[in-house]
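The values are calculated or read from the model by the stated rules, or taken from the named source; none is laboratory data. A quick note: this is a predicted structure, and the numbers were derived from the prediction, not measured. So basically every Cβ, Gly included, is an ideal-geometry build from the backbone, and we count neighbours across all protein chains shown.
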Amino acid sequence: MADSPDAVQKLKDACDRAYEKWQNSCSDAVWDIIRELVSAGAQQIPANDSVDYWDNNWESVSLDDGFDLANKGVVVVGGSKAQIGHGHVIAIYPGTKIPNGGYQYFYKPANKYLLLKSSGLFPRALSTSMGRVWPGAMSKGDKTVWDPWGKDDAFEQVRFWAPPASF
């Protein structure tokens, strides 16, 4: 198991590189991190398939355990499947917990921008997105694991995993 300042820095650096390289693909970004730090031969697969893969091959972890592991330099991924279209996957970015929300989003029914209020402290996230429609979906550690989903009921569907060798 990784557990050193060097391992934490390597995870941050891998997240930063994946963010810069794959701003239009959450699964490509996350699998880049996995290839760099977990398994060089890992193949990139779409978000919905990634969730199934991790469910069957990695260890399920709670959000709090995932936060602790990421702050030891362990790759921790999270995601949820979509019934129609693509799901979404992220990695927990090492660092302190920060408030979710705090950014503007466009609210179509009122045809104006609103500020998403914070509802608590969450671990940071590495997240990129194909559509970039939701401002919370893009994060290089500046937003939380909650923000890509933007609603409590959607975030309740998100699960987290770490490689089995992490324990």
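Numbers below:
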item: Failed condition for SER119, given (1) within 18 Å of GLN157 (Cβ to Cβ); (2) free of Cβ contacts under 8 Å to residues at least 12 places away in the same chain; (3) of a type in the set (Ser, Thr, Tyr); result: (2)
item: Which listed residue, of GLY85, GLY78, is at pLDDT below 95, out of contact with any His (no Cβ under 8 Å at 6 or more places or on another chain) and within 21 Å of MET138 (Cα to Cα); result: GLY85
item: Search result, residues across region 110-146 that are of a type in the set (A, V, I, L, M, F, W, C), surrounded by fewer than 23 Cβ atoms within 10 Å (Cβ to Cβ) and not in a loop (DSSP other than H, G, I, E, B); result: ALA110, LEU114, LEU115, LEU121, PHE122, ALA137
item: Elements of type strands (runs of 3 or more DSSP E) contained in region 1-109, each with 3 or more residues being over 22 Å from GLY131 (Cβ atoms) and touching a residue at least 40 places away in the same chain (Cβ under 8 Å); result: 59-61, 88-99
item: Odd one out for ASN48, checked against (1) farther than 21 Å from PRO164 by Cβ; (2) touching a Phe, Trp or Tyr at 6+ places or on another chain (Cβ under 7 Å); result: (2)
item: Residues within region 147-164 that are within 21 Å of ASP55 (Cβ to Cβ), outside any helix (DSSP H, G or I) and without any contact (Cβ under 8 Å) to a residue 40 or more places away in the chain, tallied; result: 1
